[in-house]
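Student: Could you have a look at this structure, given as structure tokens, before my questions?
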Amino acid sequence: MNAPTPKTPDSNTAAEHKVSNFLRQIIENDLDKGTYASRRWAGSPGDAAHHAAGQSDPAKIRTRFPPEPNGYLHVGHAKSICINFGLAKEYGGVCHLRFDDTNPEKEDTEYVNSIIEAVKWLGFDWAQLSQAAGSAAPYQASDYFDFMYRAAEALIEAGHAYVDEQSAEDMRANRGDFGKPGVDSPFRTRTVAENLTRFREMRDGQLADGAAVLRAKIDMASPNINMRDPAIYRIRRATHHHTGDTWCIYPMYTFAHPIEDALEQITHSLCTLEFEDQRPFYDWLMERLCECKLLAAPSPKQYEFARLNLTYVITSKRKLAQLVNEGKVSGWDDPRMPTIVGLRRRGYTPESLRLFADRIGVTKSDSWIDYSTLEGCLREDLENKAHRGMAVLDPVKLVLTNWAEAFGSGVYTEACTQPALPHSAVAEGQTPPADRVFKIGKEVWIEREDFEEVPPKGYKRLFPGNVVRLKGGYVIECTGCARDAAGKVTEVHAKVIPGTKSGTPGADSVKAKAAITWVSVADGVQAEVRLYDRLFAEAHPDAGGKDFLQSLNPDSLKVVTAYVEPSLAGAQPDQKFQFERFGYFVADRLDHVAGAKPVFNRVTGLKDSWGK
């Protein structure tokens with residue numbers, strides 16, 4: 001079991017109440033030793049907009065969240081966002097939002113904007129965190145392209161890099177594998193002058209795409225394949241969304257990322273475990289550039305944590321794009337998608353995702369988190385927030401045949417009231433929201449499953465001779481039903497029992513074994529309800545390399561015409577509710593228009609139905 005975080009002079013109040021993990025222990029150890037206390041902003045080429053040269057850095061730690069703007073963020077990124085921004089906030093530090101835009105062929109400003117919106121929606125604002133120590137604008141790898149090019153030339157001049165003109169196939173074959181060392185490139189022994197000339201020809205567009213790459217010169221026999229002279233620059237004639245056509249060569253991510261960290265004086269570079277094998281190159285590059293006097297110590301350090309593995313979910317960007325491109329979903333924001341925009345439209349809240357990230361913790365070993373954990377965090381967040389309401393999703397009409405006899409002839413309805421939130425959900429000292437008000441009359445809508453002419457054993461709802469309560473209304477006694485020519489029930493018949501209305505002295509005069517939800521025909525509102533479920537029917541859709549599309553859940557979306565009580569008709573887009581007995585629903589943030597037919601998405605049920 002994890003021990004509580006020890007109190008240190010550098011831990012603020014928020015950090016003291018967090019469960020300890022290895023990242024917090026590393027940070028607290030660095031703070032105790034003052035590892036980065038003497039840092040000063042030295043400035044970085046082309047980065048004057050972000051910080052002033054020579055200023056002391058008031059941030060205790062600096063982390064970063066570095067997405068590539070080539071797609072929409074997903075729930076796994078949400079975990080990383082919460083870790084990087086959360087730790088920076090806890091320890092009085094700064095977290096940089098940085099776009100690793102080194103691959104112009106796949107990147108777009110659409111993704112840049114969506115990432116900015118997603119991070120802010122999750123509740124993190126780099127401008128507020130940074131104050132005087134950072135920048136109100138996100139960082140970009142492309143801000144440092146000039147410096148990266150100079151760093152590449154410095155490595156060439158120091159004998160640590162060379163231009164390789166092998167074909168991609170030969171380079172791959174000569175790299176070796178886990179059981180066989182690599183073979184030196186025939187171009188590895190080029191002189192410094194030859195390499196500089198050829199690299200500048202790459203830069204100036206004199207070589208074709210793929211004709212050459214710049215490689216670090218390390219060790220082709222290294223047991224870590226990532227250290228076998230990795231490529232650090234390649235030729236790509238593609239217009240960059242930020243730098244345009246200024247460059248036709250672009251740094252590889254593994255080369256660019258450590259440099260970005262160093263120039264921004266990141267202290268703790270936190271990433272997922274798939275980058276663990278890249279850490280030796282990260283450290284190698286920092287050491288070489290310090291030797292070349294391009295960077296100053298102390299260098300950033302990379303630390304890896306386990307990525308999020310969530311059952312019933314795919315987080316591969318390529319596979320998510322395939323779902324969109326092949327029309328398996330309606331788009332990146334389809335409420336079944338694990339993207340942040342999809343989760344938001346489904347009805348997830350920032351608080352529930354932050355709670356989820358906190359609850360699953362931070363470890364160094366991969367494990368699977370059951371999807372029910374994510375849903376449980378959402379239920380926990382919405383339980384005391386979501387106003388209640390009644391909805392009938394599979395309606396059949398219930399006619400109270402003695403209504404006129406009981407209450408007089410003519411069209412007559414009565415007002416019923418129910419709390420918008422249970423009393424237990426209202427915080428002490430807070431004013432409870434106004435009660436919901438709806439009508440009851442001769443005709444109401446009920447769920448078709450709430451009537452059985454021949455009831456199964458243990459059935460307590462409507463069947464001939466049984467009494468139930470219309471929740472918030474009267475006790476009624478079922479008398480039968482009407483059917484169409486095909487035998488389908490078209491109406492359920494019952495008698496109202498006067499004097500039994502909820503909230504009146506006679507409410508308990510007749511005992512009913514069940515209460516059912518309903519919506520009055522008089523003031524009920526027709527609505528479109530989208531019953532979303534998990535996109536995949538299998539916990540591990542792509543296990544063993546199988547085609548993940550074969551695991552799609554055919555029942556992941558059902559659209560029904562429902563009736564909802566009048567309090568739900570005034571819902572605003574993105575407003576969450578608990579439909580009594582059914583679960584949590586949200587007014588669709590795109591398709592729900594006030595004054596028009598309401599559109600609600602099912603967020604999750606009241607309990608985990610998949611656990612069965």
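Just so it is clear, none of the values below were taken in a lab; they were calculated from the coordinates. Small disclaimer: the values here were computed from a predicted structure and weren't measured. Heads up, the Cβs are rebuilt from the backbone with ideal geometry, glycines too, and the neighbour counts pull from every protein chain shown.
Student: Using a basic spin-label model with each label point 7 Å from the Cα along Cα→Cβ, how many nm lie between Arg307 and Leu590?
Tutor: Going by the 7 Å Cα→Cβ label model, 2.6 nm.
Student: Can I ask one more? Sort the stretch 500-543 into rounded, prolate or oblate with this rule: let a ≥ b ≥ c be the square roots of the eigenvalues of the Cα gyration tensor; rounded if a/c is under 1.5, and if a/c is not under 1.5, prolate when a/b is larger than b/c, oblate otherwise. Write out the running numbers ahead of the final one.
Tutor: Working: a/c = 6.71, a/b = 2.21, b/c = 3.03.
Oblate is the answer for the stretch 500-543, as a/c is 1.5 or above yet b/c matches or exceeds a/b.
Student: Could you check what % of the DSSP bridge pairs in the stretch 391-516 are antiparallel, to the nearest 5? Numbers along the way, then the final one.
Tutor: Numbers: 20 of 27 bridges.
Around 75 percent antiparallel, to the nearest 5.
Student: Determine the dipole magnitude for the stretch 75-195: charges of +1 sit on the beta-carbon of Lys and Arg, -1 on that of Asp and Glu, nothing else is charged, the reference point is the Cα centre, and the result goes in debye to the nearest 20.
Tutor: With only Lys, Arg, Asp and Glu charged at Cβ, the dipole is about 520 debye.
Student: Can you grab the distance from the C-alpha centre of the stretch 275-348 to the C-alpha centre of the stretch 407-436, Å, no decimals?
Tutor: The two parts, judged by their Cα centres, are 47 Å apart.
Student: Moving on to the next point. Taking GluC sites (Glu not before Pro) as candidate sites, keep only those in a DSSP loop with at most 13 other Cβ atoms within 10 Å, then name the longest stretch of the chain containing none of them.
Tutor: Numbers: sites that count: Glu105, Glu326, Glu428, Glu453.
Excluding the exposed sites themselves, the longest stretch runs over 106-325.
Student: Label the chain by shape, choosing from rounded, prolate and oblate, from the square roots a ≥ b ≥ c of the eigenvalues of the Cα gyration tensor; if a/c is under 1.5 it is rounded, and otherwise prolate applies when a/b is larger than b/c, oblate when it is not. Don't skip to the answer; put the middle values down first.
Tutor: Numbers: a/c = 3.03, a/b = 2.32, b/c = 1.31.
Prolate, since a/c reaches 1.5 and a/b exceeds b/c.
Student: Expressed in nm to one decimal, what extension gain is obtained for the pair Ser365 and Ala173 from 0.36 nm per residue of sequence separation less their Cα-Cα distance? Before the final figure, lay out the partial values.
Tutor: Details: separation 192, 0.36 × 192 = 69.12 nm, distance 3.18 nm.
So the chain would gain 65.9 nm between Ser365 and Ala173.
Student: How many nm is it between the label spots at Ser330 and Asp555, if each spot is 7 Å from the Cα in line with the beta carbon?
Tutor: 2.1 nm
Student: Per residue of the chain, what 222 nm ellipticity follows from adding -39500 (n - 2.57) for every DSSP H run with n ≥ 4, rounded to the nearest 500?
Tutor: On the way: 16 runs with 154 residues, N = 612.
The per-residue figure over the chain is -7500 deg cm²/dmol.
Student: Quick one: which residues, 5 or more positions from Arg64 or on another chain, have an amide H under 5 Å from its amide H? H modelled 1.01 Å from N in the peptide plane, none for Pro or chain starts.
Tutor: Amide H to amide H, under 5 Å and 5 or more residues apart or across chains, Arg64 pairs with His96, Leu270.
Student: Taking loop as defined by DSSP and a crowding limit of 16 other beta carbons within 10 Å, which trypsin sites (Lys or Arg not before Pro) in the stretch 333-382 fit? Spell out each step's value before the answer.
Tutor: On the way: sites: Arg336, Arg344, Arg345, Arg346, Arg354, Arg359, Lys364, Arg379; in loops: Arg336, Lys364.
Counting only loop positions with at most 16 other Cβ atoms within 10 Å, the trypsin sites (Lys or Arg not before Pro) in the stretch 333-382 are Lys364.
Student: Considering only DSSP beta bridges whose two residues both sit in the chain, what percent are antiparallel, to the nearest 5? List each step's numbers first, then the result.
Tutor: Details: 57 of 83 bridges.
Antiparallel: roughly 70 percent of the beta bridges in the chain.
Student: Further question: Quick check on the exposure proxy: order Thr431, Thr349 from fewest to most C-beta atoms within 10 angstrom. Don't jump to the answer; show the numbers that get you there.
Tutor: On the way: Thr431 7, Thr349 23.
The most exposed by this proxy come first: Thr431, Thr349.
Student: How big is the dipole moment of the chain about its Cα centre under a simple scheme where the beta carbon of each Lys and Arg is +1, that of each Asp and Glu is -1, and everything else is neutral? Debye, nearest 20, please. Mind dumping the intermediate values first?
Tutor: Working: 75 positive and 83 negative charges, 287 e Å.
About 1380 debye.
Student: Please report the spacing between the Cα centers of the stretch 547-612 and the stretch 214-228 in Å, no decimals.
Tutor: 53 Å
Student: How far apart, in nm, are two points set 7 Å out from the Cα along the Cα-to-Cβ line at Lys597 and at Lys513?
Tutor: Once both label points are built, they end up 3.9 nm from each other.
Student: Taking H placed 1.01 Å from N in the peptide plane, check which residues at least 5 places from Ile232 or on another chain put their amide H under 5 Å from its amide H.
Tutor: Leu214, Arg215, Ala216
Student: Additional query: If R0 is 25 Å, what FRET efficiency do you get for Glu453 and Ala404 from their C-beta distance, rounded to 0.05?
Tutor: Taking R0 as 25 Å, the efficiency between Glu453 and Ala404 is 0.50.
Student: For Asp108 and Ala482 in the same chain, what is the full-extension length gain: residue separation times 0.36 nm, less their Cα-Cα distance, in nm?
Tutor: Values: separation 374, 0.36 × 374 = 134.64 nm, distance 6.00 nm.
Gain on extension, Asp108 to Ala482, equals 128.6 nm.
Student: Let me have the relative contact order for the chain, percent, based on Cα pairs under 8 Å that are six or more residues apart.
Tutor: Values: 1175 pairs, mean separation 63.6, N = 612.
Relative CO of the chain lands at 10 percent.
Student: Also, I was wondering about something else. Along its principal axes, what span do the Cα atoms of the stretch 391-516 show, with the longest given first and each in whole Å?
Tutor: 57, 35, 26
Student: Provide the gained length on full extension for the span Glu157 to Gln25, in nm with one decimal, where the gain is 0.36 nm per separating residue minus the Cα-Cα distance.
Tutor: Working: separation 132, 0.36 × 132 = 47.52 nm, distance 3.97 nm.
Extra length available between Glu157 and Gln25 comes to 43.5 nm.
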